[in-house]
Amino acid sequence: PLTVYAVPIHDSPALGPPHAKVTVVMAMEFACPYCRRAFSTMDDLRQRYGRDVRIVYKNLIVHPQHATVPAVAACAAHRQKKWRAYADLLWTKAFDVRDFSQANMLNLAHEAGLNERRFDVDLHATGPRSCEAEVQRDRDLYAALRVQATPTFFINGRHLAGAQPIEAFAAVVD
């Protein structure tokens with residue numbers, strides 16, 4: 001509990017100011033029911049602390065058969081600066097109905113107002129700068145930190161595991 005981890009955030013999706021007093025890094029996947037609950041808790045945390053908190057979202061794929069496609073799709077949406085809008089659609093129109101197909105990802109891109117051609121290119125690209133590679137870099141990061149479950153959080157580098165109530169986060173933030 002006293003260990004402070006250095007968790008690089010690079011260009012990961014983030015909500016809140018870059019120089020907030022507290023940065024929460026959330027290891028998550030869009031196929032995880034506990035992540036679904038914790039996603040709302042992160043919104044509550046931002047409401048409670050306002051500009052003092054920034055939430056950074058990073059992929060940790062635990063269920064690759066379901067979570068890989070939406071993780072890559074969310075990366076493609078992030079490249080168009082619409083990660084949050086797309087993430088909200090992923091929860092309500094992919095996770096809630098258990099449809100993680102590429103066809104559904106494209107439908108959600110349309111609904112989020114993304115450039116669909118660019119989205120499709122990013123969704124299917126390969127190579128070191130692709131979304132697929134970015135998702136793999138997040139996996140490698142969490143493997144190095146020995147994190148194997150979602151959701152997992154690092155609050156200014158302090159580890160907190162599981163979908164905790166907001167009070168558990170507040171105790172670390174305070």
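Whether any residue in region 86-97 is under 26 Å from V7 (Cβ atoms) and of a type outside the set (A, V, I, L, M, F, W, C) is what I want to check.
Yes, region 86-97 contains a residue that is under 26 Å from V7 (Cβ atoms) and of a type outside the set (A, V, I, L, M, F, W, C).
So which residues in region 126-148 are open to solvent by less than 40 Å² (accessible area, probe 1.4 Å) and farther than 14 Å from T68 by Cβ, if there are any at all?
Passing the criteria: G127, L141, Y142, L145, V147.
Please count how many residues of region 27-71 are open to solvent by 10 Å² or more (accessible area, probe 1.4 Å), over 11 Å from the mean Cα position of the chain (by Cα) and among the aliphatic types (A, V, I, L, M).
3
Among the residues of region 142-164, what is the count of those that are in contact with a strand residue (DSSP E or B) (Cβ under 7 Å, 6 or more places away or on another chain) and of a type in the set (A, V, I, L, M, F, W, C)?
Number satisfying all stated conditions: 7.
Yes/no matrix, rows are residues, columns are (1) of a type in the set (D, E); (2) modelled with pLDDT under 95; (3) open to solvent by 10 Å² or more (accessible area, probe 1.4 Å):
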{"position": "A74", "(1), (2), (3)": "no, no, no"}
{"position": "W83", "(1), (2), (3)": "no, no, yes"}
{"position": "D88", "(1), (2), (3)": "yes, no, yes"}
{"position": "T92", "(1), (2), (3)": "no, no, yes"}
{"position": "V97", "(1), (2), (3)": "no, no, yes"}
{"position": "F100", "(1), (2), (3)": "no, no, yes"}
{"position": "L106", "(1), (2), (3)": "no, no, yes"}
{"position": "A112", "(1), (2), (3)": "no, no, yes"}
{"position": "N115", "(1), (2), (3)": "no, no, yes"}
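Consider Q136 carefully, then state whether it is under 28 Å from A76 (Cα atoms) and at pLDDT below 95.
It is false that Q136 is under 28 Å from A76 (Cα atoms) and at pLDDT below 95.
The values are calculated or read from the model by the stated rules, or taken from the named source; none is laboratory data. All figures in this text were calculated on a predicted structure; none of them were measured in a lab. Using ideal geometry, Cβ is built from the backbone for each residue, glycine included, and neighbour counts are taken over all protein chains shown. Quick note on the areas: whole protein, heavy atoms, side chains included, nothing else; ligands and nucleic acids left out. Shrake-Rupley method; radii C 1.70, N 1.55, O 1.52, S 1.80 Å.
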